[in-house]
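Readers should treat all values here as calculations from the given coordinates under stated rules, not as data from a laboratory. In this text the structure is predicted, and so the values were computed from the model without any measurement. Backbone-built Cβ (ideal geometry, glycine too); neighbour counts: all protein chains shown.
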Amino acid sequence: MNVSLVIPSRNNLKYVKFAYNSIRKHISSNVEIVLLDDASTDDTWLWMNQIKGSDNNVKIYRNNGPERVGHTVLYDVGAELSSNEIFGIFHADMVATPNYINNMVKHLKPKTVVSATRIEPPLHPPGPEKYVQDFGLEPEEFKEKEFLNFSSMCESENVDKTTSGIFAPWMMYKTDFFDIQGHDKKLFAPMELEDSDLFNRFLLNGYTLIQSRDAMVYHMTCRGSRFKDGVKIVNEIPLGNGHVWKKAEDSDEYKRLREIKFREWWRKWHSDVLHDENMLPIVHKRYNVGFIIKNANEQILNILEPWTDNIYIENNTIIKNYIDKEQKISKFDIKSRVKNINDTKINDILVEFDARYLQNNHFEFIKNLSQIIESSGEIGIFEYDIFKIEIKSMQSYESHLIKNENFYNKFNIL
C-alpha cells in the first residue's frame, strides 16, 4: 500500500537530512516523502531542491516567511500535497527502521490513527509508550548498528501487538484527517499544543487511537522547538530503576510561546492537557461557565480568565487594562469574555466567590471544575467552601470543538 511521509523542518538541516536518508536507506525509494521548509535561514531550501532534482518520489514546499508558521501548519500542507490515500507525519529529528511502514499500515483502518513506538535518549522522563535508550543526541554521534539491533529485538518481542494511545509519528487516511479540518492552526501555531488539540478532537470524533508496538523509530527529541539550537543539559535527575532524566534547557522561543499558547488551550478546553499512562487523551465535558468574582484584582483576573467563558468583576479600569493587554496575544475576543459584575449573566453555570478568600487549594477546584460537574453535577444552587455554584443547564459543548469552523463560530474566535 502506498504511503506519503510528511516532514516539515525549520533551520534543522542536519536532522532533516538524517531523517530523509534513514527512510531511503532503511525502507524504500518508493515511499513518497513530502519535505516542507518553514522559512529556514540556513541551506534547508537549497538542499530540498537538490533532493527534488534527484529523487522522483519527493515533493517540496516552502513557507517563504519571514515568520515561521509552525510544523503543524505544514503538516496540513503536506497532507494536501501528498499523492497517496494514506499519509504519516514524521519528525525531522527521527530515524526510520526497515519495517516501519509495514508495521504501521497493517493496523490501519478508516477512522483509525496508528502511532509508532519511539526509542528516545533520556531527554524526557520514561513512560510505558516508549523505550528510553541513548543511541546518540546528534546525527554525527548516532550509533546506527546498535540502534538497528535494539529496534529489531523490540520488534521481535512485540510482533503484531498494539496498545491505545497517540503521539508522533502517526499515520492515517487523508479523508479522516480532513474530515475534522486538520490542526487548529489559528489558536496554537507554532506550538506542539496543536498536536494535543488534534488528538482530543480525534477522540471526540470517535476515531480509534492505537500504537503499533513493533513499528520503531529513533527520536532525537524536540529539535524543531524546545532544543532546536542543540541540546544543553542543565541537570541530571535520577528517576529510579537506573533511569536518569537529562533535563535540557528549552529554547528562548519555546519558553516565550509556552505561556501564551497554554492560555489559549485553557480557554478552549477548560482543562489541562490530560491523558492516561499510554498517552490516550482524556477529554471531559466542556460546559459554558461564568465566574462572578467580588474584590478581584488584576492578578486574579489574569490567572482565572482563561479557565472560564465569561468572568464578571467590579472594577472597569482593571477590565479595560486587561483587555488591552491580553487581546494582543489572544485569538479569542477578550472583550466578549470579561464583563462588569452588573452585566447580564449569559452562562449555563455560574460560580460566585470573593477573591479575598481565595487560596491555592481553591485553584485546584477551579481547574477540575468540568470533571466535578460531569461526575456529580445537577440542576440547582449549591455551596462548596468559598464557592456558590448555580447550575442552570447541564448542556455541554465538546462536540463544537471537533471541527474548527464550528468552534470558531461558537466561541468568538477572531
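Numerical summary
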quantity	calculated
Percent of beta bridges antiparallel (DSSP, region 289-396, rounded to nearest 5)	45 percent
DSSP-loop GluC sites (Glu not before Pro) across region 64-142, with at most 11 other Cβ within 10 angstrom	67
Reach of residue 143 by Cα under 14 Å, taken over aspartates and glutamates that are not fewer than 8 positions away in the same chain	120, 134
Distance (nanometres) between label positions extended 7 Å along Cα→Cβ at residue 303 and residue 262	1.4 nm
On Cα atoms only, tilt of 252-269 relative to the major axis of the chain in degrees	60 degrees
Whether region 289-396 is rounded, prolate or oblate, judged on the alpha carbon gyration tensor where a/c under 1.5 counts as rounded	prolate
Efficiency of FRET from Cβ geometry, residue 333 and residue 360, R₀ 30 Å, rounded to 0.05	0.50
Highest-MSF residue in the chain out of 149, 310, 30 [GNM, Cα springs under 10 Å]	149
Neighbourhood charge, 11 Å Cβ-Cβ cut-off, centred on residue 127 and excluding it, Lys, Arg +1 and Asp, Glu -1	-2
Pairs beyond 23 Å (Cα-Cα), from 130/331; 294/339; 14/161	130/331; 14/161
Gyration tensor (alpha-carbon) shape descriptor, region 3-225, a/c threshold 1.5	rounded
Of 109/285; 106/261; 17/328, those spanning more than 30 Å from alpha-carbon to alpha-carbon	106/261; 17/328
In region 145-212, the chymotrypsin sites (Phe, Trp or Tyr not before Pro) that fall in loop regions by DSSP, at most 10 other Cβ within 10 Å	none
Residue 112 long-range amide H proximity, modeled H, under 5 Å	173, 208
Sum of side-chain charges, residue 159 neighbourhood, beta-carbon under 11 Å (Lys, Arg +1; Asp, Glu -1)	-1
Relative contact order [Cα under 8 Å, 6+ residues apart], the chain, whole percent	15 percent
Contour excess over end-to-end distance, with Cα ends at residue 2 and residue 161 and 0.36 nm allotted per residue	55.0 nm
Contact order relative to length of region 3-225, as percent, for alpha carbon pairs under 8 angstrom and 6 or more apart	28 percent
Long-range HN-HN contacts of residue 286 with modeled amide H, under 5 Å	397, 398
Antiparallel DSSP beta bridges within the chain, as percent of all bridges there, nearest 5	40 percent
